[in-house]
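Scroll down for the structure; my scribbles are underneath it.
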Amino acid sequence: MELKRVVITGLGALTPIGNNVDEYWKNLINGVSGCADITHFDATKFKTRFACELKNFDASLFFDRKEVRKHDPFSHYGIVAASEAFKDSGLDVEQLNLDKAGVIWGTGIGGFTTFLDEVMAFAAGDGTPRFSPFFIPKLIGDIISGHISIMYGFRGPNFTTTSACASAANAIIDAFNYIRLGKADVIISGGSEAGINPAGVGGFNAVHALSTRNDDPATASRPFDKDRDGFIMAEGAGALIVEELNHALARNAKIYAEIGGGGLSADAHHITSPHPDGFGAAKAMQFALEDANMLPTEIDHINTHGTSTGQGDIAEPKAILKVFGEHAYNININSTKSMTGHLLGAAAAVEAVATILAMKNSIVPPTINHFTDDPDIDPKLNFTFNKAQQREVNAAISNSFGFGGHNASIVFKKYS
């Protein structure tokens, strides 16, 4: 069976540094930090009192009052990003075979805010259950793919993936595979997350995962810096229109990039810590290259998982060196989490958008907030520190790794 080619024809983004793709990209290449004091709740008693929240996002501008109440924020975010991507793609529902149009989405936690609000309200009451009839539909992670499919009438593959911080990468790879196997013509894929609440911040504080640099939030996300002290929670969504090549050509669609391949692996090591030698991360990249039938020397750019955590930021460069050898020193490596923070299950989606735009615009966004080299990280690697760099990017990898040892790598390449 001959596999079909798969391309990206639309992009959407709702991030802490931009509420649409254009704002997001402009702030990425200018090295803008999205980190500031938490406003969603009173965080004064928490070890971490800052995060990368959305700025000036008002759900009522996109939904009527009833719809605002019926959706958890993670669904609001996902629907907005998916709508931008759909509009950007130029797709016409009337011209689609809706049985071969689908939605595959990713989220790590789903309706976490809804769960917290409902349970806290119950605990504060007299023990009488007065749960909202929207509680379960708002909470469940798969509801977002359902909402998007209902919005467009898509009757093809429809589900949500959950693999912690690799969730959206798994969703995109699943979309890629369904299309190249001929099971769908077009799939809206991506991820959304809304976990900045007392339980989210408190829970990650409890496992010592978050930065506590409360005196200087804007520089707290320091991937690959010696003085990094944890990641910064973020919220938002990213969306891609994933489409079969001939289907896109037939409607004269603009093509941002082609998906070359995807690689998945497990560390099989620890529930929260990566393999110290980057074994699983290396396997994911190797599998992605093999799937794309590409050589390591063909990769120009890697958007790393790069979370600003102690062990992760050492293991991933080791994995890159293991896979790419001497060519690793020719690759522009970066971590856009230095600006956006960590969007958990949505991270891979917004980082895929950044990776694709780096190819389209021939510029690699920086890894900001680098002050001191880490002696445990090879200084010859080009992490694109502090300033964007112009370069031709013909092929790139986007890495995403999650609690539980989940690893996912996606190869994007210029369409030709």
- [ ] Find the centroid of the Cα atoms in the stretch 361-416 and in the stretch 17-36, then give the distance between the two in whole Å.
- [x] 17
- [ ] Filter the GluC sites (Glu not before Pro) in the stretch 293-394 to those in DSSP coil with at most 12 other Cβ atoms within 10 Å of their Cβ, and list the result.
- [x] Glu392
Task: Accessible area of the stretch 110-243 belonging to carbon and sulfur atoms, whole % at 1.4 Å probe - done: 60
Task: Euclidean distance between Cα centres, the stretch 133-149 to the stretch 183-257, Å - done: 20
Open item on the list: Is the C-alpha gyration tensor of the stretch 338-387 telling us rounded, prolate or oblate? Criteria: a/c under 1.5 is rounded; beyond that, a/b larger than b/c is prolate, otherwise oblate.
Closed with: oblate
- [ ] Would you mind working out the accessible area per residue for the stretch 81-157, using a 1.4 Å probe, and quoting it in Å²?
- [x] 50
TODO: Would you calculate the separation in nanometres between label points at Arg65 and Thr212, each defined as 7 Å from the Cα along the Cα-to-beta-carbon direction?
DONE: 4.5
TODO: Quick one: net charge around Trp25, please, counting Lys, Arg +1 and Asp, Glu -1 for every other residue with C-beta under 13 Å from its C-beta.
DONE: -3
TODO: Could you work out the relative contact order of the stretch 17-164, using alpha carbon pairs under 8 angstrom and six or more residues apart, expressed as a whole percent?
DONE: 25
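Below 13 angstrom from the Cβ of Pro296, what's the summed charge of the other residues (Lys, Arg +1; Asp, Glu -1)?
Numbers: positive: Lys322; negative: Glu290, Glu298, Asp300, Glu326.
So the environment of Pro296 carries a net charge of -3.
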TODO: Note the listed values (1) 44, 26, 23; (2) 40, 27, 19; (3) 30, 28, 18, then indicate which one is semi-axes √(5λ) of the Cα gyration tensor in Å calculated from this particular structure.
DONE: (3)
Open item on the list: Filter Lys26/Lys414; Lys26/Lys360; Lys26/Lys55; Lys87/Lys254 down to the pairs with a C-alpha to C-alpha distance above 18 Å, please.
Closed with: Lys26/Lys414
Task: Shape category assigned to the stretch 301-416 from the gyration tensor of Cα positions, a/c cut at 1.5 - done: rounded
Task: Length-normalised contact order for the chain - Cα pairs under 8 Å, 6+ apart - percent - done: 24
TODO: Send over the per residue convex hull volume for the stretch 23-177, Cα only, as a whole number of Å³.
DONE: 163
Open item on the list: Of all beta bridges DSSP finds with both residues in the chain, what is the antiparallel percent, to the nearest 5?
Closed with: 65
Task: Leading residue at positive end of dipole, the stretch 187-338 (Cβ point charges), from Ala248, Gly203, Thr309 - done: Gly203
TODO: Taking 7 Å along the Cα-to-C-beta vector as the label spot, tell me the Asn205-Arg49 distance in nanometres, rounded to one decimal.
DONE: 1.0
Task: Neighbourhood charge, 13 Å Cβ-Cβ cut-off, centred on Ala194 and excluding it, Lys, Arg +1 and Asp, Glu -1 - done: -4
TODO: Would you mind computing, in nm to one decimal, how far apart the modelled labels at His270 and Ile255 are, each placed 7 Å from Cα along Cα→Cβ?
DONE: 4.4
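The values are calculated or read from the model by the stated rules, or taken from the named source; none is laboratory data. Computed from a predicted structure; not experimentally measured. Note that we place each Cβ from the backbone using ideal geometry, even for glycine, and neighbour counts take in every protein chain shown. Ligands, DNA and RNA are stripped out before the accessible areas are found, and what is left, the full protein with its side chains, is counted by its heavy atoms. Shrake-Rupley method; radii C 1.70, N 1.55, O 1.52, S 1.80 Å.
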